[in-house]
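Each remark here refers to the structure printed beneath this line.
The values are calculated or read from the model by the stated rules, or taken from the named source; none is laboratory data. The model shown is predicted, which means the values in this text are computed figures rather than measured ones. Every residue, glycine as well, gets a Cβ built from its backbone with ideal geometry; the counts of neighbours run over all protein chains shown.
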Amino acid sequence: METLPVIWFCIVAVMIAMYVVLDGFDLGAGIVHLGVARNEDERRMVLKSIGPVWDGNEVWLLAGGGALYFAFPALYASSFSGFYLPLMIVLWLLILRGISVEFRNHIHNRVWKPFWDVVFSFSSALLAIFFGAALGNVVRGVPLDASGDFFLPLWTNFQPGPQPGILDWYTILTGVFAFLTLTLHGALWVNLKTVGEIQKRAQAVARVAWMGVAALTVVVTIISFQIQPILATSFANLPFGYIFPALAIAGLAGMFVFMRNGAEDKAFYASCAYILGMLTSVVFGVFPNVLPANSDPALSLTIHNASAPAYGLRIGLMWFTPGILLAASYTIFLYRKFAGKVQLEAGGH
């Protein structure tokens with residue numbers, strides 16, 4: 001097996017996992033924004049908890065998309081044409097979410113701020129659902145033809161058959177699963193960064209969301225192995241891969257224990273471990289596929305038939321490594337700089 005495509009496959013997987021872990025908690029904070037914050041000061045506390053980092057977190061999405069475009073151009077071209085409609089929806093949701101954070105404070109009246117608060121929560125929730133549905137599409141597979149092309153409507157008959165839509169009962173289930181997971185992740189972040197009543201409400205949301213996540217972890221895992229036989233084959237052939245679901249289980253159990261013990265930071269880190277474990281389990285399960293075909297496995301896009309030439313991958317690795325090290329260093333600096341509980345300054349600033 002060629003080494004460079006494997007390395008770039010791992011790089012793309014790490015970039016996407018970093019994005020989900022980091023931007024996932026501020027998506028989750030947006031989801032719980034209207035539920036845990038009951039007045040203007042509390043809502044601004046939630047926004048301040050993510051304010052210094054939310055736009056920086058999205059750098060990892062750009063890094064993942066750039067690495068995907070560079071290393072696997074066939075996958076990039078196929079996915080961006082086949083998933084054209086949902087990608088446009090995601091783009092609009094990202095735009096709405098970004099401007100809602102920036103615009104809510106520009107005009108001071110009783111309509112403007114509540115309107116943008118609703119937009120912020122609504123777009124965050126829909127992004128979580130669409131990202132989960134997108135992952136469900138990758139696991140289920142898409143109707144690739146011999147040239148590596150496909151197109152999916154938003155829905156057909158809601159069945160994951162040979163001609164599915166973006167949304168069917170399985171991808172809707174994974175969307176709901178992602179929504180609950182990021183709700184839990186965001187609630188634990190708000191719990192970590194705030195105090196008082198808002199923290200207590202975040203803890204209550206986290207406890208309820210944990211039960212939903214725990215139940216759906218079992219349900220979605222069982223159904224996914226039935227929907228996509230490649231998963232069982234991968235784990236049977238390479239048993240060391242069980243370390244990834246073990247990480248997810250440890251993270252799920254850790255959240256339960258640490259929430260009960262009031263260990264705010266450890267509960268949040270356990271949530272990060274759970275998300276990483278679930279995502280790496282999916283990546284390991286579909287490897288070496290980057291986009292499985294649901295009709296004929298021979299038509300699947302893999303790290304071999306979708307990757308760029310070896311020379312390009314080699315040169316790209318030389319340029320990518322220092323760049324991503326700089327991004328990682330800045331991320332570490334940013335989180336250390338703004339560590340601790342958030343507070344509103346005198347005068348409400």
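Miscellaneous remarks
- Lone unmet requirement of (1) modelled with pLDDT of 95 or more; (2) farther than 23 Å from Trp189 by Cβ; (3) surrounded by 11 or more Cβ atoms within 10 Å (Cβ to Cβ) for Ile222: (3)
- When residues of the stretch 18-77 are limited to those that are acidic (Asp, Glu) and crowded, with 23+ Cβ neighbours inside 10 Å, the one nearest to Pro309 (Cα to Cα): Asp23
- Out of Ile31, Ile50, one residue alone is touching a Ser or Thr at 6+ places or on another chain (Cβ under 7 Å) and under 21 Å from Ser100 (Cβ atoms). It is Ile31.
- With respect to the conditions (1) of a type in the set (A, V, I, L, M, F, W, C); (2) out of contact with any Leu (no Cβ under 7 Å at 6 or more places or on another chain); (3) not in a helix (DSSP H, G or I), Phe115 lacks only one, and its number is (3).
- Among (1) outside any helix (DSSP H, G or I); (2) free of Cβ contacts under 8 Å to residues at least 60 places away in the same chain, the one test that Pro52 misses: (2)
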